[in-house]
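Undergrad: What follows is a structure written as structure tokens; I'll ask about it next.
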Amino acid sequence: MGCCVKKIDIVRRILGERWGSVPQSLDGKAFAPTNIALCKYWGKRNQELNLPVTSSLSISLGKKGASVALKPIADTQDAVVLNGNAMNQESAFYKRLVHFLDLFRHANTTRLAVDIQSNIPVAAGLASSACGFASLVLALNELFAWRLTTADLSILARLGSGSASRSIWQGFVEWQAGERRDGMDSHGVLLDEIWPDLCIGLLIVSDNEKSISSREAMQRTVATSALYSAWPQKVADDLITLKQAIAHHDFELLGQAAESNAMTMHATMLSAWPAVSYAIPETVLAMQNVWRLRQQGLPLYFTQDAGPNIKLLFEKKNTDFVKSHFPHVEIIELLFTEPRASASVTGLDVS
Ligand code: 2P0
């Protein structure tokens, strides 16, 4: 396959004879966690297939994510409900979702009722598309009884949104960039590591919709930032450091690499033209608080994605201290997929 491979070519290749088949059950249900990148995905080498310039590495956020329930319906249109609200068929959300479902069926077959429950603010830089597309793919896998491998599920989720390729598992996931032009080697891989003492705290400073989508912002950065050429090497270095930190449970090493990676990503955006800045004054205040507390000896780090919110990184033993300085922080309970069971999709029960 060459440069003009379309999403549907990949879907048909993965599903083979199963493509366009009828549902095998009355419904398909799945949950997928959202994930936060410790080493970011920022820039694509292929827009159509969401193939990244670099690999990235994330931690999934336990029960924070999206549940999807799919049911075949006798109708001419799909019906999409998000958190109890029927989505208008003219909305960008509805169109993007139906466009994705169309990859898996012949025209005019199997319309679906899609019921999505998300427990994270949509469009606030908390990777709502990551858990959305991952849970959708997992639910389709149930409904149509495809029995795909986790690598294939990750590839299908990537076609919806790049970061969704990492939301197929709980725990640490590396999305390997791959080299192939068709992207068949570009998918998530679960790291065989569990770190129960690691804590993530969400500091929501705004849940307003972001001013520019991450999709557009990363494209603009690649096209116009003079700093972007330094990004692939920075990622390569940080990935080595992060894997070492995870293997040895070296928290300070992990925190430094993650914070520095996020700041470098934002530096590439700030140097794009027109510049992209997701920070609001409260974001900067929170960063300054973290730096001050660190100077006072608290091992506390942060990361920031394509939005104003800050994600704190710390160890369980410092939870009370972090809470006393950030009273509104939401502490996330991390979960880990048992690595040896990862060939099947475990640890992602609907609950
Ligand atoms: C990440 N972000 O690694 C980076 C860091 C935002 C900042 O992945 O165009 O929604 O759907 O592939 O996955 C957000 O980008 O973009 C993202 P598409 P996506 O988490």
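Undergrad: When you look at Q304, is it surrounded by fewer than 23 Cβ atoms within 10 Å (Cβ to Cβ), modelled with pLDDT of 95 or more and among the polar types (S, T, N, Q), yes or no? First the steps, then the outcome.
TA: Details: surrounded by fewer than 23 Cβ atoms within 10 Å (Cβ to Cβ): no; modelled with pLDDT of 95 or more: yes; among the polar types (S, T, N, Q): yes.
Taking the combined requirement at face value, the residue does not satisfy it.
Undergrad: Look at I10 and say whether it is more than 12 Å from the ligand (Cβ to nearest atom), within 30 Å of N261 (Cβ to Cβ) and touching a residue at least 24 places away in the same chain (Cβ under 8 Å). Outline the logic, then answer.
TA: Working: more than 12 Å from the ligand (Cβ to nearest atom): yes; within 30 Å of N261 (Cβ to Cβ): yes; touching a residue at least 24 places away in the same chain (Cβ under 8 Å): yes.
Against the criterion (more than 12 Å from the ligand (Cβ to nearest atom), within 30 Å of N261 (Cβ to Cβ) and touching a residue at least 24 places away in the same chain (Cβ under 8 Å)), I10 qualifies.
Undergrad: Tell me, which residue of region 43-66 that is surrounded by fewer than 21 Cβ atoms within 10 Å (Cβ to Cβ) and farther than 30 Å from R180 by Cα is nearest to the ligand (Cβ to nearest atom)?
TA: Filtering region 43-66 for residues that are surrounded by fewer than 21 Cβ atoms within 10 Å (Cβ to Cβ) and farther than 30 Å from R180 by Cα, the one nearest to the ligand (Cβ to nearest atom) comes out as G62.
Undergrad: Looking at this structure, is K40 at pLDDT 95 or above, of a type in the set (D, E, K, R), surrounded by fewer than 21 Cβ atoms within 10 Å (Cβ to Cβ) and near the ligand (Cβ under 8 Å from one of its atoms)?
TA: Criteria not met by K40.
Undergrad: Output the residues belonging to region 171-193 that are within 16 Å of the ligand (Cβ to nearest atom) and on the phi < 0 side of the Ramachandran plot.
TA: F172, V173, E174, W175, Q176, A177, S186, H187, G188, V189, L191
Undergrad: What is the residue count in region 126-166 for residues that are within 10 Å of the ligand (Cβ to nearest atom), within 29 Å of H249 (Cα to Cα) and among the hydroxyl-bearing types (S, T, Y)?
TA: So the answer is 3.
The values are calculated or read from the model by the stated rules, or taken from the named source; none is laboratory data. All values derive from a computational prediction rather than experimental measurement. Neighbour counts are summed over all protein chains in view; Cβ atoms, including those assigned to glycine, are modelled from backbone coordinates with ideal geometry.
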